[in-house]
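Taking it in order: structure first as C-alpha cells, then the write-up.
Taken together, the values in this text are just the output of simple stated rules run on the coordinates, not laboratory data. Because the structure is a prediction, the values reported are computed rather than measured. Don't worry about glycine lacking a Cβ; one is built from the backbone with ideal geometry, like all the others, and counts go over all protein chains shown.
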Amino acid sequence: MEEPNTLHYNYLIYKPFGYLSQFTNNDVSKHKKKLLGKLFDFPKNIMAIGRLDEKTEGLLLLTTNGKTSQFVRSSKFEKEYYAQVDGDISTDAIIKLQKGVEIGLEKGKYITKPCKAFKVEPIPNFPDRGKKIRDERHGPTSWVSITLTEGKFRQVRKMTAAVGFPTLRLLRVRIGDFTIGKMQPGEVIMIKDLIKTSN
C-alpha cells in the first residue's frame, strides 16, 4: 500500500509523431518502435495518463500517482484536439460533430456525446511533424477543433471521417487547463501538481 506522503512526479510532454505512449514494450512485433523513455530520464513507475496513438501528436500528461491518473482521465477534464482534415470542412459537418455522430467500436456502433467543435482560423502554426501530410495538388485542407470529455479508440479520426472529412494530422492541444502552448515536439516540462494546478 502506498504511503500517504509518497513523493510523486508529474510532467507535461509534447509527444512527437511516431512515438508510442508507453515506456516498455512487450510486443515483439513493435520492438523497433519509439517509446517515451527515449525522450527523457523519467522516474520509476511513471505512467501516461491516457494515450495518443503512434500517429497522433501533442499534449500528454505523465505521473507516478495512480489517483491523479484516474482523476485526469475522468469526464471532468476536457481534452481538446486540432485535426487537419481533407477538404474545406463545412458548417453542416461542424454541426454534426457538435451534436454527435455514429462511429464504429469493437462492440458495435456508438453515438458520440455532444461536444464543442469549430473550424480553426487562421491556420495554426504547429512545428513540422517530420513527415509530409500530402501534396497540396490533391486539394485543400482545413483545421477543426474538437473538445471531448470521453475518449473512445481513435475517436476524433472516426468522427471527422463520419462527416466526410478524414483526418490527415491530429494533435491534442489541451487537457483541462494545461495547453501545449509553445512547446516543441519531444519537450518535457516537470510540474508540481496536475490536479491543483488545473482546477
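Ordering Glu78, Glu102 from the fewest to the most neighbouring beta carbons within 10 Å gives Glu102, Glu78.
Sorted ascending by nearby beta carbons within 10 Å, beginning with the fewest, His8, His138 become His138, His8. Computed extension gain for Leu105 through Thr147, at 0.36 nm per residue and net of the alpha carbon distance, reaches 13.2 nm. Note on segment 79-175: Cα convex hull, mean projected area over all directions, 6.4 nm². A simple count of charges around Tyr82, restricted to other residues whose Cβ falls under 9 Å of its Cβ and scoring Lys, Arg +1 and Asp, Glu -1, yields +1. Mean projected area of the convex hull spanned by the Cα atoms of the chain, taken over all viewing directions: 12.9 nm². In the structure shown, do any of Lys79/Lys158; Lys55/Lys158; Lys99/Lys152; Lys44/Lys79; Lys15/Lys76 have a Cα-Cα gap over 18 Å, and if so which? In this structure, Lys44/Lys79; Lys15/Lys76 exceed 18 Å between Cα atoms. The ranking of Met183, Met190 by Cβ neighbour count inside 10 Å, starting from the fewest, reads Met190, Met183.
A straight chain from Arg134 to Glu121 at 0.36 nm per residue would run longer than the Cα-Cα distance by 2.7 nm. Label separation (Arg51 vs Asp92): 3.6 nm, computed from points 7 Å beyond Cα along the C-beta direction.
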